[in-house]
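Data first, discussion second: the structure below is written as structure tokens.
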Amino acid sequence: MVDTAGVLYVVATPIGNLEDITLRALRVLRGVNLIAAEDTRVTRKLLSHYDIHTPLTSLHEYSPPAKIEQLLQRLHAGESIALVTDAGTPTLSDPGSVLIRRAREEGYPVVCVPGASAVTAAVSLAGLPEGRFVFDGFPPRKAKERRVYLHSLAGEHRAVVWFEAPHRLRDLLKDVLEVLGDRELFIARELTKQFEEARSAKVTEWLAHFEQVPPRGEFTLVLLPRQEEPMPPAEDPLQTVAELMAQGMTEKEALKEAAKRSGISRRELYTLWVAKKKG
């Protein structure tokens, strides 16, 4: 059995490979009184694989408010509930957050049972240079709203992680190219499954690829940070004066031009130049 009655367990389940589940998650799923699942058909396959016979109930984005109240009543009666999604960690672009908030407001313990997540899996494969990223779930579905959203990322210096459906993927890539340019984009498809694919390429390369190979499966995208152009090394204004004079300029002309290039005042540069000539 699980440790405590009247507890809501937030349980991560595999994102593809059914072996990617923790021993603790299996113990909790066996021991709770009820499992609240995004799609009971999907969760039943997992439970059947591990010979778990805990009762199931559905909790999805279209569930009425009364369903939350029913689950809270069961917690009040001392029963324990496991909240699971179709794949990965609950409430990352999945329903269930309302139940978690209400349970905490009512004073019931909410316990995390961590495990697989497509977000962390994709980020680990992308090899981010600084390891900093922001997860933004699914981008807006409508083209106008999506472009406005992408414009808001123009100054973002962290990697951005998205989920996207296959039928919207090419539209997203076209908007990224238009708004943010030909950025480096890591795409993972069907993570941990038989036909897993994961690699990085420019947005234009991805568009060409998906013109030939229609997108299929579940996609996790990592927009890599924009590569900042390195600042050119600062010129030594005194060296510039000497070089310009060697090219035929008078001392006065060289001091004026070097001051302009370096951004310091002509008077300051003249003082430095005189000091250098004195040795």
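None of the figures in this text is laboratory data; all of them are computed from the coordinates on show. Keep in mind that what you see is a predicted model, and the values were worked out from it rather than measured. Methodologically, a virtual Cβ is constructed for each residue, glycine included, from the backbone with ideal geometry; neighbour enumeration extends over all protein chains shown.
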Being in contact (Cβ under 8 Å) with a residue 24 or more places away in the chain, more than 20 Å from residue 160 (Cβ to Cβ) and outside any strand (DSSP E or B): is that true of residue 261 here? yes
Considering every residue within segment 204-213, establish whether at least one is under 22 Å from residue 129 (Cβ atoms), touching a helix residue (DSSP H, G or I) at 6+ places or on another chain (Cβ under 9 Å) and assigned to a helix (DSSP H, G or I). yes
Can you tell me which of 202, 277, 256 is among the basic types (Lys, Arg) and surrounded by fewer than 11 Cβ atoms within 10 Å (Cβ to Cβ)? 277
Any residue in segment 55-78 that is in contact (Cβ under 8 Å) with a residue 24 or more places away in the chain sitting within a Cβ distance under 9 Å of a residue that is among the basic types (Lys, Arg) and surrounded by 17 or more Cβ atoms within 10 Å (Cβ to Cβ)? List the pairs, counting only those 6 or more apart or interchain. 59/67; 68/102; 71/102; 72/102
